[in-house]
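These notes concern the structure reproduced below.
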Amino acid sequence: MISAAASSASVFEPKLLAPPSRRRRIALRKAAGDLYAVLDAFAREGRHPVRDLLIGTPDAFAVGQHYPHHDIEDPATGCAWYYHAHDPAVARHWDEHGHFHCFMYTELLGPRARPVALPGNPDVQKGGLVHVIAISFDASGVPTRVFVPNRWVTDEWLYRARDVIPLIDRFVITNDTRFDLTSRWLTAILRVCQPQIAGLLRDRDRLLAERRMVDPAGFAEDRLLEVVSTAPLDLDAVLGALA
């Protein structure tokens with residue numbers, strides 16, 4: 001059964017993206033080279049972005065648990081990530097083993113950025129986390145989908161796409177020695193998929209703006225709207241297009 005949350009999601013069409021500029025094409029090709037290098041390192045060492053996390057954690061894989069348990073967070077760059085899975089009884093419209101959530105600190109935002117929605121009792125002086133993207137894996141270990149959830153899902157400080165998009169190219173983890181290749185993989189994926197992620201964030205803004213007109217106070221807390229915007233991820237196709 002597909003949940004109401006899943007059925008409400010907007011399925012973003014990557015084909016609607018405008019052709020990238022020359023500068024963006026150069027950045028995308030460099031990112032593709034970085035991704036190939038990470039994938040080669042995984043292959044040579046017999047490792048995997050998700051399997052490394054599960055092997056490196058003594059407990060059995062559990063729904064709702066963060067992997068690694070204390071997340072990966074880099075105060076120097078303002079970036080963070082973790083992997084987890086949802087209860088399979090609450091189905092989505094795609095098969096999934098689990099997904100990565102990627103975040104960045106609010107302090108990285110431009111001075112004119114203003115939040116659209118906030119957690120309860122936010123610490124305005126300290127700030128919080130902005131969710132950039134989630135990357136879904138299937139049971140065979142293949143990344144199959146990217147998506148943007150509603151604010152309540154990750155308890156993020158919700159900002160407009162125009163404020164978040166410039167952060168995508170700045171996502172990097174420099175202090176992770178436990179799962180260094182997974183961190184490098186995420187950095188490369190965000191850069192390679194920058195146009196798709198930017199499109200998803202804009203699509204999320206559009207849908208939430210419509211919801212906000214109907215429910216100004218609760219649009220970002222609607223438990224029936226979990227995944228706001230989503231798109232399939234075919235890395236072979238993306239890398240082939242860049243080549």
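Tabulated values for the structure
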| item | result |
| --- | --- |
| Out of 134, 209, sole residue that is crowded, with 18+ Cβ neighbours inside 10 Å, without any contact (Cβ under 8 Å) to a residue 40 or more places away in the chain and not β-branched (Val, Ile, Thr) | 134 |
| Single condition residue 85 does not satisfy, out of (1) touching a strand residue (DSSP E or B) at 6+ places or on another chain (Cβ under 6 Å); (2) surrounded by fewer than 20 Cβ atoms within 10 Å (Cβ to Cβ); (3) modelled with pLDDT of 95 or more | (3) |
| Any hit, the range 13-25, residues being at pLDDT 55 or above and buried (at least 17 other Cβ atoms within 10 Å of the Cβ) | yes |
| Count - residues of the range 208-243 that are in a helix (DSSP H, G or I) and over 30 Å from residue 22 (Cα atoms) | 10 |
| Residue in the range 146-155 that is in contact with a strand residue (DSSP E or B) (Cβ under 6 Å, 6 or more places away or on another chain), surrounded by fewer than 22 Cβ atoms within 10 Å (Cβ to Cβ) and not hydroxyl-bearing (Ser, Thr, Tyr) present | no |
| Residue count for the range 40-74, restricted to those that are surrounded by 14 or more Cβ atoms within 10 Å (Cβ to Cβ) and in contact (Cβ under 8 Å) with a residue 40 or more places away in the chain | 11 |
| So residue 172, is it more than 21 Å from residue 216 (Cα to Cα), assigned to a loop (DSSP other than H, G, I, E, B) and not aromatic (Phe, Trp, Tyr) | yes |
| Residue 218, sole failed condition from (1) free of Cβ contacts under 8 Å to residues at least 40 places away in the same chain; (2) farther than 15 Å from residue 117 by Cα | (2) |
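The values are calculated or read from the model by the stated rules, or taken from the named source; none is laboratory data. Keep in mind the model is a prediction, meaning the values are calculated, not measured. FYI the Cβ positions are ideal-geometry reconstructions off the backbone, even for glycines, and counts take in every protein chain you see.
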